[in-house]
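*Asks:* I am attaching a structure below and will ask some questions about it afterwards.
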Amino acid sequence: MAYITKSPWLIHYDGSSCNGCDIEVLACLTPMYDVERFGVINTGNPKHADIFLVTGSVNEQNIPVVQQIYEQMPSPKVVVAVGICACSGGVFKDCYNIIGGVDKVIPVDVYVPGCAARPEAIIDGVVKGLGALEKKQKNLDTVLTLEKVAREEAEEYD
Amino acid sequence: MAKRTIIPFGPQHPVLPEPIHLDLVMEDETVVEAIPSIGFIHRGLEKLVEKNEWPEMVYVIERVCGICSFGHGWGYCKTIEGNMGVEVPPRAEYLRTIWAELGRIHSHLLWLGLTADGFGFESLFMHTWKIRETILDIFEETTGGRVIFSICKVGGVRKDISNEKLSEISEIIGNLKVELSELTDVFLNDVSVKNRLVGVGVMTKEEAVEFGAVGPTARASGVDNDVRRDGHGAYGELSFVPIVEAEGDCYARCKVRIREIFQSMNLIRQAVKQIPCGAVSVVVKGNPSGEYVGRMEQPRGEAYYYSKGSGTKFLERIRVRTPTAANIPALVHLLPGCDLADVPMLVLTIDPCISCTER
Amino acid sequence: MIERKDLISDFASIGADELLDAAQDFKGKGYRLGQSCATKIPDGIEVLYSFERDNVIKNLKVTIDDKAPELRSVSAVYGYAFMYENEMHDLFGIKFKDLSLDYGGKFFKIAMETPWNPALVKGGDE
């Protein structure tokens, strides 16, 4: 299943970020950093995505949105929290409308610190995410194989 | 009468990096009414004045928006300086002006790129953002940050730029001018681009005044409104004329921003030539106790900063009124009568910054 | 060298019932409504309206009660004031009469009601 890690597709969601990390995520796509050379494609459709990039912290409003996008993504999937707001709430953690980092709502695999996170750091985070993706894929394969074996055994006894 | 349909636009929409929602009431292909709903990313950061001391609050206000971050930092410092009657050294005012104008170039290039992407010209988007990286490199060399750099403080700036570095910047800007004019030529003269922009979403001068539009959106409709003319920063000593276009359509709004990029380049080169020597900050003693309303010309238009001190380390109130908040009523008025396919263009050409608006 | 107009600071306090006439007066003289915001002060709420013409700002201040804050909307004079007044309604619980476009508290989507006005939150808890 190496092809997922050779060409991971991303989906990006702006929680309640200040735009700083968003424009850096976009800058990753443009000629200076150009993540497409690694086969990374930014998609708008959660069903096509392997990696979920979240910028900005979570507030009351976007809990269901973040959860929905996460649930719509096919397994295996990896969540990368980009920027300090997505990691912990950052400078806004004391605000009345902010709940905190993304990990309050969905499981996060990679934390990318920085305010704003630099494009190099974001690319590094995505690459770290690939490791997690591969591991999850192996686990998934094992589960699928075990299930298959169990099913075949059950069929034999029938 | 044709049957009316309501088409929801946003909050997640491909042309919008940020969430804003519009309910578009349609009759066939034409919009008859638009009802905006915002507030998806309201953080309530103004209330952090109760937890942060005023010298530290500048870090929070800079994060109102990651695109015009320097401008917000300056606006906050300006309102506190006005509140306490602090006189900022002239060199600091010049440096602030240079950074602010660099910020305007970076913001307008970002907008041009997003607009190109909005009308489906992806290679133009890529080229524009490539040029933008040059500006970000200057930021990084002079401040250490690419988009948010906390260089402004109450009483001046944290870091000086050496005169050699300044003339180097001036040279880089000069070279950029040549590269950029090739690109803006496409925006202004390409037939397919003009098809999407000319005559679309016309706002007359009267409407712009009636709906309180600010910044490039207003100037493209012939409203001569530019806060830089009140003489703050170093603007009083630099010569410039606000850029005004009369047509008021999407093309005019695009043209105003393109001409402003060249104007900013010109302002930076003037400032580099005239910058005086001296200190870059003064020591500020005491706590703010009065109140003051300050204004700044951000890349998107006029912004207000209101501060009310309490004589302690904690301010009573800080309020930021951002340019997009003033432009949304104009947008809502513009939309009725346009085609559904033009809605993304109209929304983009006011250059909305939602994280600013909702704070 | 341009004269620095941004250093002028002009604040005036007026009564709540005079606000609409004053706004009308400013509009007649060609002023724009720059911004409007509210501030919680110990014994009430202070509502500030800033008007601008030729780069000079004039501010009007109205003090109202914080237990049952109510004010007449200036959106009849300056149509775009609805943005600021809806915001004040959501953050401070100020009721604006004759608001041209009333979101009914749905302008900002906030986890708690009137976060800036604790007096009203306690009152709302019965």
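*Asks:* With everything on Cα atoms, drop me the angle between helix A:119-157 and the longest principal axis of chain A, reported from 0 to 90° to the nearest 10.
*Replies:* Roughly 20 degrees, rounded to the nearest 10.
*Asks:* Starting from the Cα of residue B:262, step 7 Å along the direction of its Cβ; do the same at residue B:285; then give the gap between the two resulting points in nm.
*Replies:* 5.1 nm
*Asks:* Now for a different question. Take the cross-link list B:285/C:40; A:6/A:77; A:93/B:159; B:153/B:285; B:47/B:308; A:47/A:136 and give me the ones stretching past 20 Å between alpha-carbons.
*Replies:* Over 20 Å Cα-Cα: B:285/C:40; A:93/B:159.
*Asks:* Here's something else I'd like to know. For chain C, find the longest principal axis of its Cα atoms and tell me its angle to the long axis of helix C:82-92, 0 to 90°, nearest 10.
*Replies:* 40 degrees
*Asks:* If you don't mind, there's one more thing I want to ask. Compare A:116, A:27, A:81 in a GNM of chain A, Cα atoms joined below 10 Å, and give the one with the largest fluctuation.
*Replies:* A:27
*Asks:* In segment A:2-133, with Lys and Arg counted as +1 and Asp and Glu as -1 at Cβ, which of these residues, A:99, A:62, A:121, has the Cα nearest the positive end of the dipole, that is, farthest along it?
*Replies:* Selected residue: A:121.
*Asks:* Let me ask something else about it. Taking a ≥ b ≥ c as the square roots of the eigenvalues of the Cα gyration tensor of segment B:46-350, is the shape rounded (a/c under 1.5), prolate (a/b larger than b/c) or oblate?
*Replies:* It is oblate, given that a/c is not under 1.5 and a/b is not larger than b/c.
*Asks:* I've got another one for you. Please name whichever of B:345, A:83, C:13 sits farthest to the positive end of the charge dipole of the protein assembly as shown, dipole taken about the Cα centre and charges placed at Cβ: Lys and Arg +1, Asp and Glu -1.
*Replies:* Projecting each Cα onto the dipole axis, the largest value belongs to C:13.
*Asks:* Name the shape class, rounded, prolate or oblate, that the alpha-carbon gyration tensor gives for segment C:27-125, where a ≥ b ≥ c are the square roots of its eigenvalues, rounded holds for a/c under 1.5, and otherwise prolate holds if a/b is larger than b/c and oblate otherwise.
*Replies:* It comes out prolate by the Cα gyration axes.
*Asks:* How much FRET efficiency would the formula 1/(1 + (r/R0)^6) give for residue B:198 and residue A:41, where r is the Cβ-Cβ distance and R0 is 41 Å, rounded to 0.05?
*Replies:* 0.80
*Asks:* Would you mind telling me which residue in C:57, C:110, C:45 has the biggest mean-square fluctuation in a Gaussian network model of chain C, where springs connect alpha carbons within a distance under 10 angstrom?
*Replies:* With Cα springs under 10 Å in chain C, the top fluctuation among C:57, C:110, C:45 is at C:110.
*Asks:* Show that you can apply the helix-only estimate: for chain B, add -39,500 (n - 2.57) for every DSSP H stretch of four or more residues, divide by all residues, and state [θ] at 222 nm to the nearest 500.
*Replies:* Mean residue ellipticity, 222 nm, calculated: -15500 deg cm²/dmol.
*Asks:* Quickly estimate the mean residue ellipticity at 222 nm for chain C, helices only: each DSSP H run with n ≥ 4 gives -39500 (n - 2.57), and the total goes over all residues, rounded to 500.
*Replies:* So the helix-based figure for chain C works out to -6500 deg cm²/dmol.
*Asks:* Which whole-angstrom value gives the distance between the alpha carbon centres of segment A:118-136 and segment A:1-56?
*Replies:* 11 Å
*Asks:* Rounded to the nearest 500 deg cm²/dmol, what is the calculated helix-only ellipticity per residue at 222 nm for chain A, with -39500 (n - 2.57) per DSSP H run of length n ≥ 4?
*Replies:* Rounded to the nearest 500, the figure is -14000 deg cm²/dmol.
*Asks:* Follow-up. Work out the FRET efficiency for residue B:175 and residue C:13 from their Cβ-Cβ distance, taking R0 = 35 Å, and round it to the nearest 0.05.
*Replies:* FRET efficiency, residue B:175 to residue C:13: 0.05.
*Asks:* Let me ask something additional. To the nearest 0.05, how large is the calculated FRET efficiency for residue B:123 and residue B:312 if R₀ is 60 Å and r is the Cβ-Cβ distance?
*Replies:* 0.60
*Asks:* How far is helix C:19-28 tilted, in degrees, relative to the longest principal axis of the Cα atoms in chain C, given as a value from 0 to 90 rounded to the nearest 10?
*Replies:* Approximately 30 degrees, to the nearest ten.
*Asks:* I would also like to ask the following. Using a ≥ b ≥ c from the Cα gyration tensor of segment B:263-359 (square roots of the eigenvalues), is it rounded, prolate or oblate, where a/c under 1.5 gives rounded and otherwise the larger of a/b and b/c decides, a/b for prolate?
*Replies:* Oblate, since a/c reaches 1.5 and b/c is not below a/b.
*Asks:* List the aspartates and glutamates whose Cα lies under 19 Å from the Cα of residue B:165, skipping any in the same chain that are fewer than 8 positions away.
*Replies:* Here the aspartates and glutamates satisfying the reach criterion relative to residue B:165 are B:93, B:101, B:133, B:137, B:140, B:141.
Readers should treat all values here as calculations from the given coordinates under stated rules, not as data from a laboratory. Small disclaimer: the values here were computed from a predicted structure and weren't measured. Because the Cβ atoms are built from the backbone with ideal geometry, glycine has one as well, and the counts that use them run over all protein chains shown.
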